[in-house]
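Trainee: Just dropping this structure here.
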Amino acid sequence: MVVSSLPLFALFVPFLTTPPLTDDSVAGLLHRSDVQAELKMTKSQVEKWEAIDRIRAPKRGGTFEQDPVVLTDPAEQEKKDAEREKKAWSVIGPDQSVRLRELFLQRQGVRALSRDDVQWTLELTDPQKGDVRRAKTKRDMALRTLLDQSKRAKLDPKRVRDVLDAVDKQFIDDLNVVLTSEQADKLAQAGGRPFIFNDRR
């Protein structure tokens, strides 16, 4: 399905420049100070979340060149993210949960199409779901290839970042053609009020 260029350009260009190395899972976003401020999290909520989801700072970011590149199997990472997400929702209130989901959708863009809840919200057809599965499988195969290479030899961090950027861009390109213009608009609306993420944190 071909989507008109305007809605996709307006909605998804920011995500093309979002570093795929950052922890942009629901749980990861909840560690960000800008997101915490947007959600108006209390000090006790922040402290509770930090205690529940103990993760070293470099793994939360990866925005800067000196940060380590942590490669994991896509399936394992997806499972970990799902487990962490359940804990994240338990820390915040209903209104905060609504806004966090909006911020997650803004950050992920079409990448979020791999989630069942997003597919349900957008009412994806079975053929569309098949297209999403194929795009995800293609991405995961590329990531596993890179992971296997990293196990056999030490890879240059810049090369790893370049490959990850290329894989992420291809994934977005493959997903951009899945939605109708109406579904793209609906995804944009699901993101709620636009938020500017402070990536130099």
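Trainee: Determine if the stretch 171-192 includes at least one residue that is within 28 Å of residue 53 (Cα to Cα) and at pLDDT below 95.
Mentor: Keep residues of the stretch 171-192 that are within 28 Å of residue 53 (Cα to Cα), which gives 190-192.
Checking the rest, the ones that are also at pLDDT below 95 come to none.
No: zero hits.
Trainee: If you go through the stretch 81-109 one residue at a time, how many are closer than 10 Å to residue 25 by Cα, open to solvent by 30 Å² or more (accessible area, probe 1.4 Å) and of a type in the set (Lys, Arg)?
Mentor: Residues that pass the stated criteria total 1.
Trainee: Kindly indicate whether residue 135 is closer than 15 Å to residue 26 by Cα, open to solvent by less than 20 Å² (accessible area, probe 1.4 Å), touching a helix residue (DSSP H, G or I) at 6+ places or on another chain (Cβ under 7 Å) and in contact (Cβ under 8 Å) with a residue 12 or more places away in the chain. Walk me through how you get there before you give the answer.
Mentor: Details: closer than 15 Å to residue 26 by Cα: no; open to solvent by less than 20 Å² (accessible area, probe 1.4 Å): yes; touching a helix residue (DSSP H, G or I) at 6+ places or on another chain (Cβ under 7 Å): yes; in contact (Cβ under 8 Å) with a residue 12 or more places away in the chain: yes.
For residue 135, the condition - closer than 15 Å to residue 26 by Cα, open to solvent by less than 20 Å² (accessible area, probe 1.4 Å), touching a helix residue (DSSP H, G or I) at 6+ places or on another chain (Cβ under 7 Å) and in contact (Cβ under 8 Å) with a residue 12 or more places away in the chain - is not met.
Trainee: Among the residues of the stretch 110-126 satisfying the criterion of being outside any loop (DSSP other than H, G, I, E, B) and touching a residue at least 60 places away in the same chain (Cβ under 8 Å), which is surrounded by the fewest Cβ atoms within 10 Å (Cβ to Cβ)?
Mentor: Taking the stretch 110-126 as the starting set, the residues that turn out to be outside any loop (DSSP other than H, G, I, E, B) are 110-114, 116-122, 126.
This time we only want the ones that are touching a residue at least 60 places away in the same chain (Cβ under 8 Å), so: 110-113, 118, 121-122.
Working: 110: 26, 111: 22, 112: 22, 113: 24, 118: 20, 121: 15, 122: 20.
Across the stretch 110-126, the extreme among qualifying residues is 121.
Trainee: Further question on the same structure: If you scan the stretch 141-200, which residues turn out to be assigned to a loop (DSSP other than H, G, I, E, B) and surrounded by fewer than 12 Cβ atoms within 10 Å (Cβ to Cβ)? Don't jump to the end; show me each part of the working.
Mentor: First, pick out the residues of the stretch 141-200 that are assigned to a loop (DSSP other than H, G, I, E, B): 153-156, 177-180, 191-200.
Matches in the stretch 141-200: 153, 154, 156, 193, 194, 196, 198, 200.
The values are calculated or read from the model by the stated rules, or taken from the named source; none is laboratory data. Predicted model only: the values in this text are computed from it and were never measured. So basically every Cβ, Gly included, is an ideal-geometry build from the backbone, and we count neighbours across all protein chains shown. What goes into the accessible areas is simple: the full protein's heavy atoms, side chains included, and nothing from ligands, DNA or RNA. Shrake-Rupley method; radii C 1.70, N 1.55, O 1.52, S 1.80 Å.
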